[in-house]
Structures are given as structure tokens and as C-alpha cells.
Amino acid sequence: MHREEIDILRYALRRLLGAVPTLFLIITAAFFMMRIAPGGPFDQERTLEATVLENLNRTFGLDKPLWQQYAMYLNNLLHGDMGPSFVFRDKRVHEILGEGLPVSMQLGFLALLLALFIGVCMGTVAALRQNSKADYFVVALATFGITVPPFVVAPVLALVFAVFLGWLPAQGWGRADQMVLPVIALALPQVAVIARLTRGAMIEALRSDHVRTAKAYGLPASMVVIKHALRAAVLPAISYLGPAAAALLTGSIVVEQVFNLPGIGRYFVQGALNRDYTMVMGTVVIVAVFVILFNLMVDLLFAVFDPRVRYD
């Protein structure tokens, strides 16, 4: 193993160890915020007798002091057990999330790829044709995309393309036509951000010394843009992938509800409305872990595109 690979491995290990306190703080804050919120998981079951409710609270450990519930949850979580669901009876939280997580991951991955590809292409075109109609169009479209959130875009897309035109289905997951509207609705805001980042970075890269030198040597314009300018211009977009992943995970909750997708977003909303403590906590833990890991991957990816980055 080369020295550079060892340095990267050590850096990744330090980042993972440093993420443990962050994850611990997230779990602690989410746990106590859920318990402080008014209401409980069995408050809606008014038809049950008081003794039955007491037995339910005792079964799920809700009759114990809050600090004991917190200690029990941490202990179970360290053993890979997220606890039972209070709403979906006879099922553990990790089993439910295991069913919905592949859908959410596929949705977020496709949306991220689409946002990165279209955003980089739009930003590059706008930079190459600065102050032209194409540039103004990209800037206007990016501004619109940033200001309009997914919970507005998703219903509009479903209403236009599924209800009025009937071109695409408004719900379901698995077929290619079922993925189009959810992926587009989730990706559009990120397309706008990546396009603006790429445009600004590409304009700066085209004016840099090494790009002017490449042009002076008579290299083809396409080679100068793709091999020299784009390599530097794509760095801001890569650095944004971490926040973009967090935005996609949170935005997928809304998109999954609108298009009735069987992802973890649907279980999170149902758990929050029904005070299903363990379901909400399980979703928070999964999202936090993925955001931390994705930010680490983005940092390591920098070394591939920028040879000046060294993790030593």
C-alpha cells in the first residue's frame, strides 16, 4: 500500500472517530425533543381502559424515568436494536426501515446523479456564453429552482404530467416511468444550486493562467474546457455534494409522501404524527449516519479531482 493511500485511510479513520460525538449529540437531542413534545404514542387510543394503557406503557418501558429510557435506548442501539414500533405492532424498527431504505437510497442516488449532470452542463454552457441569452436563461432558471422547494414542485409535477396530461404515473415505485416525476421533483432545487456554483467556478477557471497557457499552445477548445477548466470548475459542485445529500434526504420525505413511495420518509411522517418514538429515532439515526458518511466520501473525492489536496 502506497504512502498516500495510508494517509487517506488514516484520515478517514480519524473522521469516523470524530463523527461519533456528533452522532451521539444528534441522538441525544432527538430523543429528548421527542419526549418533551406533548402527547404520547397511545394518547389516540381513548377506547382502551386505564389498566390496559398502563400495561402498554410498562411493556414498552414508558413508565420508567426519562433517564432510564434514554440509557435503555442507547444500550439497545449499541447492540443494533432500534426497538419495537409503537404503531406498526409486532415489527421492529430496523425491519421496517430495512424495507423502505432501499427505495429512499435509490431515489436520492438518482436525483443526485441527475442534479450533478444537468447542473454541471448548464453551468458550463452559461459560463462559456457569458452575458448571452443562454447565460441569462440559466441564471433565471437557477434562481427559480432555488426559491421553489420540493413540496411545491412535487404536487405541481404530479398534477400536470400525471393528472392533466396522463403521461406518467403519480404513484408507485419500481418501473422506469414511476421514477421520473419523483426524481425530477427531488433533483430540481439541487440542479439550480450546482448550476450556479459551476457557472461561477467555470468563469474563474477560464480566466486562470493554466487555461490561458493551454489555449496559447493551440489545444482544441473542447480539450481546454473539459480537461483543464472543467476539472477546476467542478470542485465547488463536489464540495456541495455533502449539503446536497442532506437536502435530498430531508426533501425525499416530502416527495415520498406526495408520490406515495414506500420509502423511509412515509414511515417517518406517520411516526411523527402518531408519536412513534422509536420509528422517528430510527429514521433520525439512519439519516445522520448517511449524511456523515457522505460528507466523508466527498472529502476523499477531493483528492481525486484536486491533486493539491493531501491527507497527511
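The values are calculated or read from the model by the stated rules, or taken from the named source; none is laboratory data. Small disclaimer: the values here were computed from a predicted structure and weren't measured. For neighbour counting, all protein chains shown are included, and Cβ atoms are generated from backbone atoms with ideal geometry for every residue, glycine included.
Looking at (1) at pLDDT 80 or above; (2) surrounded by 18 or more Cβ atoms within 10 Å (Cβ to Cβ); (3) β-branched (Val, Ile, Thr), which one does residue 253 not meet, given that it meets all the others? Of (1) at pLDDT 80 or above; (2) surrounded by 18 or more Cβ atoms within 10 Å (Cβ to Cβ); (3) β-branched (Val, Ile, Thr), only one is false for residue 253: (1). Among the conditions (1) touching a residue at least 40 places away in the same chain (Cβ under 8 Å); (2) touching a Ser or Thr at 6+ places or on another chain (Cβ under 9 Å), the only one that residue 244 does not satisfy is (2).
Against the numbered list (1) of a type outside the set (A, V, I, L, M, F, W, C); (2) farther than 30 Å from residue 236 by Cβ; (3) in a helix (DSSP H, G or I), residue 64 comes up short only at (3). For region 70-93, a residue qualifies if it is under 30 Å from residue 186 (Cβ atoms), out of contact with any Pro (no Cβ under 8 Å at 6 or more places or on another chain) and buried (at least 19 other Cβ atoms within 10 Å of the Cβ), and the qualifying residues are 82, 83, 85. Annotation for region 149-165: at least one member residue is more than 21 Å from residue 243 (Cα to Cα), more than 22 Å from the chain's Cα centre (by Cα) and in a loop (DSSP other than H, G, I, E, B).
Test residue 264 against the criterion of being surrounded by 15 or more Cβ atoms within 10 Å (Cβ to Cβ) and in contact with a Ser or Thr (Cβ under 6 Å, 6 or more places away or on another chain), and give yes or no. In short, yes. Taking the numbered list (1) within 21 Å of the chain's Cα centre (by Cα); (2) without any contact (Cβ under 8 Å) to a residue 12 or more places away in the chain in turn, residue 132 passes all entries but (1). Are there any pairs, at least 6 apart or on different chains, whose C-beta atoms fall under 8 Å, with the first in region 100-116 and closer than 16 Å to residue 259 by Cα and touching a residue at least 12 places away in the same chain (Cβ under 8 Å) and the second surrounded by fewer than 17 Cβ atoms within 10 Å (Cβ to Cβ) and basic (Lys, Arg), and if so, which? Within 8 Å, no pair qualifies.
When 254, 211 are checked against the criterion of being farther than 20 Å from residue 117 by Cβ and touching a Phe, Trp or Tyr at 6+ places or on another chain (Cβ under 7 Å), a single residue qualifies: 254. The residue of region 172-220 that is nearest to residue 125 (Cα to Cα), among those that are of a type in the set (Lys, Arg) and not in a loop (DSSP other than H, G, I, E, B), is 199.
So, residue 289, is that one outside any loop (DSSP other than H, G, I, E, B) and within 21 Å of residue 112 (Cα to Cα) or not? Criteria met by residue 289. Scoring residue 169 on the criteria (1) over 19 Å from residue 256 (Cβ atoms); (2) in a loop (DSSP other than H, G, I, E, B) leaves a single failure, condition (1). There is no residue in region 182-202 that is without any contact (Cβ under 8 Å) to a residue 60 or more places away in the chain, hydroxyl-bearing (Ser, Thr, Tyr) and either surrounded by fewer than 21 Cβ atoms within 10 Å (Cβ to Cβ) or within 23 Å of residue 138 (Cα to Cα) (or both).
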